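The values are calculated or read from the model by the stated rules, or taken from the named source; none is laboratory data. The structure presented is a predicted model; accordingly, all values stated were derived computationally and were not measured. Backbone-built Cβ (ideal geometry, glycine too); neighbour counts: all protein chains shown. We work out accessible area using only protein heavy atoms, side chains counted, and drop any ligands, DNA or RNA first. Shrake-Rupley method; radii C 1.70, N 1.55, O 1.52, S 1.80 Å.
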Amino acid sequence: MRQTRAKGCLFTISHVTTGLVAIGWCLKKLERPGDAAEAMRLAIETVGKHPRLLYNLACYHSLAGDDTEALQALMAAISRYPQYAQVAAKDRDFDRVRSDPRFAAIVAEANAVSG
């Protein structure tokens, strides 16, 4: 587990990330998906491009109407964890981009590779 110091305090990275994920989820529930996406970006800056963080980022961008960013984050998540293609195909967070041909292509390609 990595640790870092900021302003004299020792933070455990996993705890910081867990907090950011929780904040993102709460912001989503408060219908503030743009702010939720920012929380995921901070988490990714902290620990790197973990597939779960990228998937959440994709969900929040989709809900915020940021289609291109949503699809880019989804592609990055699926490239690291192909099973997310099947999850995304049914996830209501992607309802707004589901009809986008890029979404279908991302999911189909991942299913072809893992299937």
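Here are a few things to note about the model shown:
- Counted by Cβ distance under 15 Å from residue 96, the other residues give a net charge of -3, where Lys and Arg count +1 and Asp and Glu count -1.
- Nearest-20 debye value, the stretch 54-97 charge dipole, Cβ charges on Lys, Arg, Asp, Glu: 180 debye
- Dimensions of the chain from C-alpha coordinates, computed as largest minus smallest value along each principal axis and given longest first, are 49, 31, 18 Å.
- Charged side chains reduced to their Cβ positions (Lys and Arg at +1, Asp and Glu at -1) give the chain a dipole of some 460 debye around its Cα centre.
- Accessible area of the chain divided out per residue, in Å², using a probe of 1.4 angstrom: 60 Å²
- Cα long-axis angle, helix 67-80 against the chain (0 to 90 degrees, to the nearest 10): 80 degrees
- Net +/- balance of residues flanking residue 41 in space, Cβ distance below 13 Å, scoring K and R +1, D and E -1: -4
- For the pair residue 30 and residue 95 in one chain, pulling the backbone fully straight at 0.36 nm per residue adds 21.6 nm over the alpha carbon distance.
- The stretch 52-108 - Rg and Dmax from Cα coordinates, angstrom: 9.4, 24
- Modelled label reach - residue 47, point 7 Å along Cα→Cβ, the stretch 16-33 residues with backbone N closer than 11 Å: 16-22
- Additional length obtainable on full extension of the chain from residue 18 to residue 111, 0.36 nm per residue less Cα span: 30.5 nm
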